[in-house]
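The values are calculated or read from the model by the stated rules, or taken from the named source; none is laboratory data. All figures in this text were calculated on a predicted structure; none of them were measured in a lab. Here the Cβ positions follow ideal geometry from the backbone for every residue, glycine too, while neighbour counts run over all protein chains shown. These accessible areas exclude ligands, DNA and RNA; they are computed on the full protein's heavy atoms, side chains included. Shrake-Rupley method; radii C 1.70, N 1.55, O 1.52, S 1.80 Å.
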Amino acid sequence: MGPSLSPFNNLLCMLLGISFTVWFTLLLVFIIVPAIFGVSFGIRRLYMKTLLKVFEWATVRMERGAKEKNHLLYRPCSLNSIIAKEPTSLEDELKEIRRNCSSPELEGSASTITGPSPSSSEFEMSDTFYFCRRGIESIVDDEVTKCFSAEELESWNLLTRSNYNFNHISSRLTVLWGLGVVIRYGFLLPLRLTLAITGVGLLVVLTAMIGFLPNGRMKNFLSEKVHLMCYRICVRALTAIITYHHSENKPKNGGICVANHTSPIDVIILASDGCYAMVGQIHGGLMGLIQRSMVKACPHIWFERSEVKDRLLVAKRLSDHVKDKSKLPILIFPEGTCINNTSVMMFKKGSFEIASTVYPVAIKYDPRFGEAFWNSSKFGMVNYLLRMMSSWAIVCSVWYLPPMNRQEDEDAMQFANRVKAAIARQGGLVDLLWDGGLKRGKVKDNFKEEQQKLYSKILVGTQEVRSRS
């Protein structure tokens, strides 16, 4: 029995050897080598156009099948505001409420004789209507909570992680969805895992080797090339199709690059087009191994857990880095947490207190091919990366905005808000004043105090006007 199976075993081993040889040869020729030289054969662009054609056909089939079965295809409301709000000030709204709640005869007589009525300089019971209405609006149409949930699609991208099971509308769509599962998990996922392991492995080994070289131009040159090569391999591990705009505004050495934050892969997206000095907390395990290897080849800024909350120490480390114009620009995400690619939330002012040029960058993902947003309260890092690698692709646009400097008459917070507004405007994102820390914490007292001070100023200001009259 044994000798009769040996030829079959030899044949099987030979076939497996040939398969692995062909597999890695294709990886080397079409992915790894192009990543080293920064060239592309246009395969990913062709793949994206093909997916768009398939999605368009699937959308037509969905709408036709939903119409035949009287099936509700789209949600009646989206992530946009479900309450129509006009940009008006607190003072204007209070005046409108008081005018509606007061007697027309009394208001007319008071205004002709003494101007504003005496009661307008004091608290009125009708003022509570404004605060009650705003409170109810915040509950019904919460601007903060919906920034931490995945962006909804108006059409199905053949992924069951969408909100509706569109694959059951027609048999053809069900077959197409099943074929997509085979392609994504049977071919794309193994390919992407292989590329990710290759990219991370090369990054750890090569940066550790470069770390033994003496500091100088050669070390910096090799470090830059190794980082770019490894990040480009990792980008291909996600089948990321990235369009960079206004490359003439790319961050320069000695500056600080700030960007909106949607996903941990934001770092890979930006670093595959240029080298940056990373800032972050020291981790253990595999992430810690990668950090220790990277810092040997490039002056990244890693903090111990006990140092992260020391603002003066963090500011000093950042300031010392940007003073050296030979060092790479620092990459910072001032929001401090991932937002769902529809909005930009409050920028922490720490990185804007440093006297340095700020290079704003706007990142916008296309959710039709795969959801890039990381909901860390729902998915762990490993689960999230598997979802990313089992998506169709990651498609995004990156805009390099002109460099900005802090003006003489503005403080760090005003400068941060000006940069945030520029990023939101370029990326087509909603500019919100809320702190991303509300994702896990409560509203800070200073937010409540600001509303109280604003209301108090209105009352005090009206009293001063009345006293002068």
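Would you say residue 275 is at pLDDT below 85 and within 21 Å of residue 37 (Cα to Cα)?
In short, no.
Residues in region 270-294 that are assigned to a loop (DSSP other than H, G, I, E, B) and under 15 Å from residue 329 (Cα atoms): how many?
Counting residues in region 270-294 that are assigned to a loop (DSSP other than H, G, I, E, B) and under 15 Å from residue 329 (Cα atoms) gives 5.
Quick check on residue 373: is it at pLDDT 85 or above, open to solvent by less than 40 Å² (accessible area, probe 1.4 Å) and touching a Cys at 6+ places or on another chain (Cβ under 7 Å)?
yes
List every residue pair whose Cβ atoms lie under 6 Å apart, where the two residues are 6 or more positions apart in sequence or sit on different chains, the first residue falls within region 259-280 and is in contact (Cβ under 8 Å) with a residue 24 or more places away in the chain, and the second residue, located anywhere, is open to solvent by less than 10 Å² (accessible area, probe 1.4 Å) and of a type in the set (Asp, Glu).
Matching pairs, first to second residue: 261/335.
Within the set of pairs 6 or more residues apart or between chains, which connect a residue that is touching a residue at least 24 places away in the same chain (Cβ under 8 Å) inside region 333-361 to a residue that is acidic (Asp, Glu) with Cβ atoms less than 6 Å apart?
Correct list of pairs: 340/151; 341/151; 342/151; 344/431; 345/335; 346/435.
Return yes or no: is residue 29 open to solvent by 30 Å² or more (accessible area, probe 1.4 Å), farther than 20 Å from residue 231 by Cα and not aromatic (Phe, Trp, Tyr)?
No.
Could you tell me which numbered condition residue 300 fails, if it satisfies all but one of (1) buried (at least 20 other Cβ atoms within 10 Å of the Cβ); (2) more than 20 Å from the chain's Cα centre (by Cα)?
All conditions are met except number (1).
Looking at region 205-221, which of its residues are among the hydrophobic types (A, V, I, L, M, F, W, C) and farther than 14 Å from residue 293 by Cα?
218, 221
Here is a check on your reading of the model: is residue 173 within 30 Å of residue 230 (Cα to Cα) and either surrounded by 17 or more Cβ atoms within 10 Å (Cβ to Cβ) or at pLDDT below 90 (or both)?
Against the criterion (within 30 Å of residue 230 (Cα to Cα) and either surrounded by 17 or more Cβ atoms within 10 Å (Cβ to Cβ) or at pLDDT below 90 (or both)), residue 173 does not qualify.
How many residues does region 204-244 contain that are part of a helix (DSSP H, G or I) and more than 24 Å from the chain's Cα centre (by Cα)?
17
Could you grab me the full set of residues in region 383-406 that are open to solvent by 10 Å² or more (accessible area, probe 1.4 Å), at pLDDT 90 or above and within 17 Å of the chain's Cα centre (by Cα)?
Passing the criteria: 395, 397, 399, 401.
Tell me which residues, restricted to region 53-81, are surrounded by 12 or more Cβ atoms within 10 Å (Cβ to Cβ), under 30 Å from residue 273 (Cβ atoms) and either at pLDDT 75 or above or aromatic (Phe, Trp, Tyr) (or both).
Those that are surrounded by 12 or more Cβ atoms within 10 Å (Cβ to Cβ), under 30 Å from residue 273 (Cβ atoms) and either at pLDDT 75 or above or aromatic (Phe, Trp, Tyr) (or both): 54, 55.
Identify all residues within region 245-269 that are open to solvent by less than 30 Å² (accessible area, probe 1.4 Å), touching a helix residue (DSSP H, G or I) at 6+ places or on another chain (Cβ under 9 Å) and assigned to a helix (DSSP H, G or I); write none if there are none.
269
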